[in-house]
Structure formats: C-alpha cells, structure tokens
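Input: a single structure, listed below in structure tokens.
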Amino acid sequence: MPHLIGSPEQYEAPGNMHKLCDEYVGLLNTGQSAVSITRMHAPAGWVGPAQYADFQEYAVVLTGVLQVEHADGKTEVEAGQAIQVEPGEEVILSTPDGCEYLTVCVPAYSKASIHRTQMEKSAH
C-alpha cells in the first residue's frame, strides 16, 4: 500500500545565513537510509561551506540559480536544470539571487556523511 508522507522534517543548513531544508524522505523524516529527498529554500546571498560528501547528490533547480563551485571552475544551474555531484567531489554551493531546489542523495543525507573542508574560492 502506498504510504503518504504528510509533511517534511525541517532543519537549517550551514552557511553565511539561514537556509531552510524540508526533508520529505530520509533518515530524519522517514528513517529511510537508502535515499533522501529534500527541498531547499536558499535566500539571496547564501553561501555554504566548502564540503564533500560520502553520497551521490543530485540537485534539481525549481526557481533561481544554484552556483556550484568545484575544482574545474563554477557551474550555474538554472531553473529546469539539474546537476550531479559525485561522492568525494569538493564543492561550494551558493545562491546569489535566491534559489529553491530539490536534492536527492543516494544513500540518504546524514551529518556524518558531510565533510567540511578549506577549499579556496576561485576567481572563476
């Protein structure tokens, strides 16, 4: 029988200002460890910390632009586009003009599977 997920579990992501995350499927809300699905609400000017993860991450941009800085430069992901970040790939996410996006993480997101780093912001 299908299982209705009535509401997400909300948490705040690290960065230079508040970014709210609504986890619909994952360890926090449903106990699911194989995958997590989360809607991100990032304000204009938000910049996350340099990090890499132990999971595969897909981000689908719903509104605005998600900037993904990586070793080879910077990729701008616009509404209607998606990006895939491999496990161990160091990135800095930012939303200069604000952005809403969905993330799908395989296996599920957990704080223990995120590693903060000292990646230098490039001049790209």
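To the nearest 20 debye, what is the magnitude of the charge dipole of the chain about its Cα centre, counting +1 on the Cβ of each Lys and Arg and -1 on the Cβ of each Asp and Glu?
Dipole magnitude for the chain comes out near 240 debye.
Give me the distance in nm between label points sitting 7 Å out from Cα along the Cα-to-Cβ direction at Thr117 and Tyr58, one decimal.
Using points 7 Å along Cα→Cβ, the separation is 2.4 nm.
Compute the signed sum of charges (Lys and Arg +1, Asp and Glu -1) over the other residues within less than 12 Å, Cβ to Cβ, of Tyr24.
-2
Over the chain, give the accessible area per residue in Å² for a 1.4 Å probe, as an integer.
Using a 1.4 Å probe on heavy atoms only, each residue of the chain averages 55 Å².
Any number yet on Rg/Rh for the chain, C-alpha, Kirkwood?
0.96
Set Lys and Arg Cβ to +1 and Asp and Glu Cβ to -1, take the dipole of segment 44-124 about its Cα centre, and tell me which of Val60, His70, Gln118 lies farthest positive.
Going by the charge dipole, the pick is Gln118.
On average over all directions, what projected area in square nanometres does segment 1-71 have, based on the convex hull of its Cα atoms?
Quarter of the Cα hull surface area: 6.0 nm².
With all protein chains present, how much of the accessible area of the chain (probe radius 1.4 Å) comes from carbon and sulfur, to the nearest whole percent?
54 percent
The values are calculated or read from the model by the stated rules, or taken from the named source; none is laboratory data. It should be emphasised that the depicted structure is a prediction, and the values quoted were computed from it without experimental measurement. Here the Cβ is made from the backbone with ideal geometry for all residues, glycine too, and neighbour counts use every protein chain on show. Note: accessible area is taken over every heavy atom of the protein model, side chains too, but ligands, DNA and RNA are not part of it. Shrake-Rupley method; radii C 1.70, N 1.55, O 1.52, S 1.80 Å.
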